[in-house]
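See structure below.
The values are calculated or read from the model by the stated rules, or taken from the named source; none is laboratory data. On a predicted model such as this, the values are computed, not experimentally measured, just so you know. Counting neighbours? That spans all protein chains shown, and the Cβs are built from the backbone with ideal geometry, glycine included. These area figures cover heavy atoms from the full protein model, side chains too; ligands, DNA and RNA do not enter into them. Shrake-Rupley method; radii C 1.70, N 1.55, O 1.52, S 1.80 Å.
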Amino acid sequence: MPTQKEMICMRMNQIVRELNDNTNCMYWVQSHYSRYVLLNQIKSKIEELHFINNLICIENEQMLRDRLQELPNQREFTLAELAEYDGKNSRPAYVSVEQIVYDVTNNATWAAATHFGLSAGKDLTNEFNACHEGQAILNKLKVVGKLV
Amino acid sequence: MTKKIVINPVTRISGFMEIEAIIENNKIMDAKTEGLLYRGFEKMLMGRNPFDAVYFTQRICGICSTAHSMASTIALEDAMKFIPTEQGRYLRDIIHGCEFLQNHLRHFYQYTIPDFVRLPNNYPLYTTEHDDFRMPSKINDLIVSHYFESLEMSRSAHEMLAVLGGKAPHNHGVFIGGISTQATTDKIIKIKSILHTISEFIEEKMMPDVYKISEYYQDYFQNGCGYNNLLSYGCFNDYKDLGTLYIDPSINLDGKVLPFKSERISEEIEHSWYSGEQKSYKPLERLPEEDMNKPKAYSWIKAPRYENVPFETGPLARQWLSGAYRNGISTMDRTIARVLEARKIVQVMEILIKNLIPNISVQSEYKVPQKAQGAGLIDTTRGALGHWIKIGDQKISFYQIITPSAWNLSTQSCENMKGTAEQALIGTVIQDSDNPVELGRIIRSFDPCISCATHVYSDRKPVKIMKVVP
Amino acid sequence: MDGLLSVCHGYEAKQRIVRNLIDKVMDEINEGTLLKKNLIWLELTGCSGNIISLLNGANPDFKYLMTKMANLVYSNSLMTAEGEDAVSHLVNVMNTDFILAVEGAVATKNNGLYNVIGKWRGEPLTALKAVKMLGEKAQHVMAIGACATHGGVSAAHPNPAKCVSVQSVLKRKVIKLPGCPCHPDWFMGTLAEILLYDAPKLDAKDRPVLFYSTLIHDRCPRRSFFDKGIFAKKLGDHTCMFKLGCRGPVTRTDCPVRQWNKYVNWPVEDDTPCIGCAQFGFPDLMEPFISYDTTRKERE
């Protein structure tokens with residue numbers, strides 16, 4: 001039995017596939033009637049995606065709060081301390097998002113402790129939210145402490 | 001009667017340029033060459049990781065990217081006080097040799113041949129308005145078949161490059177120390193096999209083709225001459241065990257071959273859109289500020305000079321300076337020298353390959369110096385290429401590039417001396433001013449690479465003469 | 001079953017696609033107008049390396065492209081005509097069915113005068129003007145290489161010529177083939193999809209899924225070294241290039257399986273890191289390319 005998460009994932013993939021097919025059809029369909037039908041389908045699928053996205057976001061926020069609660073015994077970092085962990089010369093690579101400090105030393109997308117022009121040892125809350133808001137990425141990272 | 005002729009675009013070159021010529025009684029009295037592309041690599045490189053210069057500067061040019069990887073690597077090694085091993089030098093010079101072959105094959109067949117040989121004009125790519133094609137159809141058609149055959153040869157030259165360099169254009173192989181990977185026996189034999197095929201093609205087809213063309217276009221030995229000042233930074237030279245396989249740094253001035261001294265290079269800005277305290281700068285000096293309101297100026301390109309004199313650089317300069325070919329300095333001699341050089345490069349590569357020790361790693365972990373400066377001067381396909389780097393706080397704090405095409409297509413200098421190619425155009429007799437084919441043919445013999453010689457366009461005040469739309 | 005399918009409008013529309021295509025082809029054959037499509041290859045602000053890469057293609061090669069697949073009417077690097085004679089090729093094709101392939105970014109500084117690609121009736125034809133003029137009329141627009149797809153190296157900081165992508169000056173769909181340069185197969189394959197099926201399947205960033213669907217990291221032959229944490233210390237090592245700065249984990253192309261230059265090699269096999277040349281934002285967002293001081297094993 002697939003988990004709830006997997007089912008949501010499958011459904012989302014399915015919606016994206018259907019959206020792709022529908023948009024492709026839009027290029028070809030000549031009659032106005034069919035175009036309206038296709039547009040309606042696209043619209044309802046976008047609404048469904050939006051709904052699922054909201055669900056995930058609420059769940060994620062809850063999880064983040066849970067994780068923060070679990071952190072009383074974790075190490076506390078100031079921004080200056082965090083800056084030491086730049087991933088160079090035997091120092092691990094840490095970044096923080098929403099007060100939580102994560103280890104990205106061996107994260108595949110953080111080659112040479114850099115990620116799309118960003119470097120480790122910094123608070124990247126704004127950058128993370130600008131690109132990955134609502135994505136279940138942080139859950140996979142190792143938490144090493146709290147930013148104070 | 002005075003006419004102004006404008007050719008834009010000059011096709012079959014890398015990048016964009018315009019030729020403007022003033023013609024009186026069918027003779028070119030004045031000429032200007034203008035690059036029409038500006039990107040500003042020197043500005044982009046500031047603040048970047050010095051090691052990245054090797055891959056970054058290759059993007060200056062798609063047809064000669066390896067040239068820039070060579071010059072930037074040598075500049076970095078100079079700054080790091082790092083001396084590569086002989087095996088490292090052999091390996092990267094083999095990659096450089098592949099680039100020479102790719103360039104010369106493509107320049108001769110895809111860029112030069114359509115000037116002299118009628119390509120099948122049922123394809124729109126090959127239609128043209130002029131009719132100055134002089135070869136009998138049998139010979140013409142044979143060369144056309146070689147035009148298409150050459151596509152496979154130049155492709156193979158890049159394949160050979162990729163065997164050691166990962167990919168081409170924009171290889172990953174050339175780096176500090178030599179090349180990234182090791183030449184294993186299977187790679188060596190693959191390169192040897194491809195090189196053999198290319199060598200046969202050069203001997204059996206490319207060389208006879210250029211001599212055939214020269215027979216029917218004898219008048220091109222008389223035009224496109226220029227100053228006869230020749231310059232080379234040297235390449236495939238000064239190996240510890242093998243000596244010089246091609247050419248040492250040298251110049252030809254007033255009929256004398258002399259040693260080359262890098263400190264005599266300068267760049268003048270008298271006729272360029274820059275203003276500074278000096279009229280002339282050394283390569284490692286601070287770049288002057290842009291100033292488009294300078295009345296005398298007509299281009300972004302600064303005028304590279306050696307002892308304040310313009311020089312020609314490229315295959316003919318190298319063939320002449322090394323004593324291999326001294327028939328003359330002209331449009332056709334330039335083209336013949338390029339073909340002869342292709343054969344020479346094959347011979348050099350064969351020697352380098354023979355001296356390779358398989359499976360040797362020439363790489364180590366490098367450290368960026370806190371503060372340093374270095375120069376990388378090397379002759380590459382189109383001629384003398386120089387990169388100058390300054391490193392501060394482990395980042396690039398200054399970068400200067402003087403390309404072969406900047407030498408050949410430079411603008412006027414302080415003493416009102418025209419650039420080399422401009423001078424080569426002046427005095428040329430135009431047979432048919434409605435179809436001035438001579439201009440493009442002369443300019444193409446220099447193999448201009450405007451992607452490299454970054455200038456910018458400006459509207460100049462109109463000349464009061466009739467305009468011919470070629 | 002028939003009933004079920006007929007309520008699915010998507011299926012119906014897809015059937016109509018094929019029907020339309022066949023009808024179109026049949027009509028054209030009957031009318032004797034089935035011709036090879038005109039293809040314009042426009043070089044703009046860049047290094048002209050994508051046309052060189054195209055010449056490196058083997059099966060289909062350049063000769064097959066220009067003699068059998070399409071009517072190549074314009075290429076600054078290869079065409080015989082020069083001057084206004086050359087530019088007239090562009091003008092003459094404007095009112096025909098044509099496909100526009102663009103390499104290089106669009107320089108916008110000084111109203112586009114930082115890159116003039118020719119002159120027409122004495123007036124400079126800027127890259128900006130040319131791409132707008134042709135881009136609006138073309139049946140398909142393909143942006144080829146890093147500069148055309150997202151500005152690339154031509155738009156690298158501080159972007160002195162104020163270069164932008166082809167898409168940012170055109171209000172229409174632009175098929176994007178990133179890469180520095182673009183692999184000849186990525187172009188030929190996409191062109192073939194256009195000629196055969198008219199619409200290649202694209203991802204959310206308008207890249208053909210045929211070539212750009214999978215991360216390099218997912219198909220890297222050195223993936224097992226990454227998983228075991230065995231990292232290269234320098235170029236030339238045969239293990240995972242991650243710590244040197246490999247951008248394979250963020251770059252989607254088929255380089256590991258396709259390889260380059262008659263399929264002989266590719267950057268990681270050449271013992272160097274991938275520099276993410278096919279990722280949007282290259283080069284600025286993919287730097288540094290090579291680092292030796294990355295933590296490979298933490299002290300402690």
Spherically averaged projected area of the range C:167-300 from its Cα convex hull (nm²):
9.7
Do you know the relative contact order of the range B:22-79, to the nearest whole percent, from alpha carbon pairs under 8 angstrom that are 6+ apart?
21
Quick one: Cα centre-to-centre distance for the range B:298-335 and the range B:1-70, in angstrom?
16
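DSSP loop trypsin sites (Lys or Arg not before Pro) in the range C:31-101 with at most 14 other Cβ atoms within 10 Å of their Cβ, which ones?
On the way: sites: C:Lys36, C:Lys37, C:Lys63, C:Lys68; in loops: C:Lys36, C:Lys37.
In loop regions of the range C:31-101 (DSSP not H, G, I, E or B), the sparsely surrounded trypsin sites (Lys or Arg not before Pro) are C:Lys36.
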Cα-based radius of gyration of chain A once divided by 2.2 N^0.38 Å, which approximates compact folds
1.39
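Charges only on Cβ, +1 for Lys and Arg, -1 for Asp and Glu: so what's the dipole of the range B:189-237 about the Cα centre, in debye to the nearest 20? Write out the running numbers ahead of the final one.
Numbers: 4 positive and 6 negative charges, 59 e Å.
So the magnitude is around 280 debye.
Please compute the average number of Cβ atoms from other chains found within 10 Å of each residue's Cβ in peptide C:243-253.
That average works out to 4.
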Just counting partner chain Cβ atoms within 10 Å, what average do the residues of peptide B:176-185 show around their Cβ?
3
Put +1 on the Cβ of every Lys and Arg and -1 on every Asp and Glu Cβ in the range C:216-286; which of C:Gly229, C:Ala278, C:Asn265 then has its Cα farthest towards the positive end of the dipole?
C:Gly229
Residues from the range A:29-47 losing no less than 10 square angstrom of accessible surface in the full protein assembly compared with the chain alone, 1.4 angstrom probe, ligands and nucleic acids excluded, are A:Val29, A:Gln30, A:Tyr33, A:Ser34, A:Val37, A:Leu38, A:Gln41
Along the dipole axis of chain B (charges at Cβ: +1 for Lys and Arg, -1 for Asp and Glu; origin at the Cα centre), the most positive-end residue among B:Ser145, B:Ala75, B:Leu321 is B:Ala75
What figure in square angstrom, to the nearest 10, would you give for the accessible area of C:Glu136 with a 1.4 Å probe?
130
Quantify, in whole percent, the carbon and sulfur part of the accessible surface of chain C (1.4 Å probe; protein heavy atoms only).
54
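Please report, ordered by residue number, every helix of chain C (full DSSP H runs) that is 24 Å or longer along its axis going by C-alpha atoms and whose mean Kyte-Doolittle hydropathy reaches -1.0.
Working: long enough: C:9-31 (32 Å, -0.88).
Membrane-span-like by this rule: C:9-31.
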Top positive-direction residue, dipole computed over chain A with Cβ charges, set A:Val37, A:Ala93, A:Leu138:
A:Val37
So what's Rg/Rh here for the protein assembly as shown, counting alpha carbon atoms and using the Kirkwood radius for Rh?
0.98
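Roughly to the nearest percent, how much of the accessible area of the range B:147-276 is carbon and sulfur, given a 1.4 Å probe?
Values: 2120 of 4520 Å².
Of the solvent-accessible surface of the range B:147-276, carbon and sulfur hold 47 percent.
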Computed over chain B: relative contact order in percent, which uses C-alpha pairs under 8 Å that are six or more apart:
27
Would you mind checking C:Lys162/C:Lys297; C:Lys109/C:Lys171; A:Lys45/C:Lys132; C:Lys109/C:Lys173 for any pair whose Cα atoms are more than 30 angstrom apart?
C:Lys162/C:Lys297; A:Lys45/C:Lys132
Mind checking the per residue accessible area of the range C:216-286 for me, 1.4 Å probe, whole number of Å²?
32
Would you calculate the separation in nanometres between label points at A:Val16 and C:Lys137, each defined as 7 Å from the Cα along the Cα-to-beta-carbon direction?
3.9
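Report the trypsin sites (Lys or Arg not before Pro) located in the range B:320-372 that are in a DSSP loop and have at most 14 other Cβ atoms inside 10 Å of their Cβ, or state none. Present the calculation step by step, with values, prior to reporting the outcome.
On the way: sites: B:Arg326, B:Arg334, B:Arg338, B:Arg343, B:Lys344, B:Lys354, B:Lys367, B:Lys371; in loops: B:Arg326, B:Lys367.
In loop regions of the range B:320-372 (DSSP not H, G, I, E or B), the sparsely surrounded trypsin sites (Lys or Arg not before Pro) are B:Arg326, B:Lys367.
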Could you tell me the accessible area of C:His157 in Å² (1.4 Å probe, neighbours in place), rounded to the nearest ten?
120
Euclidean distance of C-alpha centroids, the range A:129-148 and the range C:46-120, integer Å:
46
Antiparallel content of DSSP bridges confined to chain A, in %, to 5
70
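Give the shape of chain C as rounded, prolate or oblate, defined through the alpha-carbon gyration tensor: a ≥ b ≥ c are the square roots of its eigenvalues, a/c under 1.5 means rounded, and otherwise the shape is prolate if a/b is larger than b/c and oblate if not. Show your work: numbers first, answer last.
On the way: a/c = 2.09, a/b = 1.34, b/c = 1.57.
Judged from the Cα gyration tensor, chain C comes out oblate (a/c at least 1.5, b/c at or above a/b).
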If the cut-off is a Cα-Cα distance under 16 Å, which lysines reach B:Lys302, setting aside same-chain residues fewer than 8 apart in sequence?
B:Lys32, B:Lys43, B:Lys279, B:Lys282, B:Lys294, B:Lys418
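Calculate how many DSSP beta bridges within the range B:2-453 are antiparallel, expressed in % of all such bridges and rounded to the nearest 5.
Values: 52 of 55 bridges.
If we restrict to bridges inside the range B:2-453, about 95 percent are antiparallel.
Using the Cα centre of chain B as the reference point, and only Cβ charges (+1 on K/R, -1 on D/E), how large is the resulting charge dipole? Debye, rounded to the nearest 20. Please report the intermediate quantities before stating the final value.
Details: 53 positive and 55 negative charges, 127 e Å.
Its charge dipole is roughly 620 debye.
Apply 1/(1 + (r/R0)^6) to the Cβ-Cβ distance of C:Ala199 and C:Arg258, taking R0 = 22 Å, and write down the FRET efficiency to the nearest 0.05. All intermediate terms of the calculation are to be shown ahead of the outcome.
Numbers: r = 23 Å, r/R0 = 1.03.
My answer for the efficiency is 0.45.
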In Å², nearest 100, what accessible area do chains A and C bury in total when the solvent probe is 1.4 Å?
2800
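For the range B:35-111, what's the relative contact order in percent, using C-alpha pairs closer than 8 Å and at least 6 residues apart? Please list the in-between numbers first.
Working: 36 pairs, mean separation 18.0, N = 77.
That works out to 23 percent.
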Which residues belonging to the range B:101-126 lose at least 10 Å² of 1.4 Å-probe accessible area when the assembly is complete, relative to their chain isolated?
B:Arg106, B:Gln110, B:Tyr111, B:Pro114, B:Tyr123, B:Pro124, B:Leu125, B:Tyr126
Can you pull the mean other chain C-beta count within 10 Å for peptide C:147-153?
2
When all protein chains stay in place, what accessible area (Å², nearest 10, 1.4 Å probe) is found for C:Lys129?
100
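Hey, can you find the accessible area per residue of the range B:2-453 for me, probe 1.4 Å, expressed in square angstrom? Working shown, then result.
Working: 14040 Å² over 452 residues.
Using a 1.4 Å probe on heavy atoms only, each residue of the range B:2-453 averages 31 Å².
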Over all pairs of different Cα atoms in the range C:56-126, the reciprocal of the mean inverse distance gives a Kirkwood radius in Å of 14.1
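What is the interface area between chains B and C, defined as buried accessible area summed over both chains with a 1.4 Å probe, reported in Å² to the nearest 100? Mind showing how you got there, number by number?
Numbers: alone 18850 and 16070 Å², together 27850 Å².
For B against C, buried area totals roughly 7100 Å².
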Considering only DSSP beta bridges whose two residues both sit in the protein assembly as shown, what percent are antiparallel, to the nearest 5?
70
Length gained if A:Ile52 through A:Arg35 is fully extended, taking 0.36 nm per residue and subtracting the Cα-Cα distance, is 3.5 nm
Please calculate how many Å² of accessible area chain A carries per residue, with a 1.4 Å probe and no DNA, RNA or ligand atoms counted.
61
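Largest first, how would B:Glu277, A:Glu18 line up by accessible area (1.4 Å probe)?
So, going from the largest accessible area down, we get B:Glu277, A:Glu18.
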Principal axes first, then extents: for the Cα atoms of chain B, list largest minus smallest coordinate on each axis, whole Å, largest first.
67, 59, 42
Please list, by residue number, everything in the range A:111-129 whose backbone N is under 18 Å from a paramagnetic label point 7 Å out along Cα→Cβ of C:His157.
A:111-128
Run the numbers on the range B:11-44: which residues show a drop of 50 Å² or more in accessible area, chain on its own versus all protein chains together, using a 1.4 Å probe over heavy atoms?
B:Thr11, B:Arg12, B:Phe16, B:Tyr38, B:Arg39, B:Met44
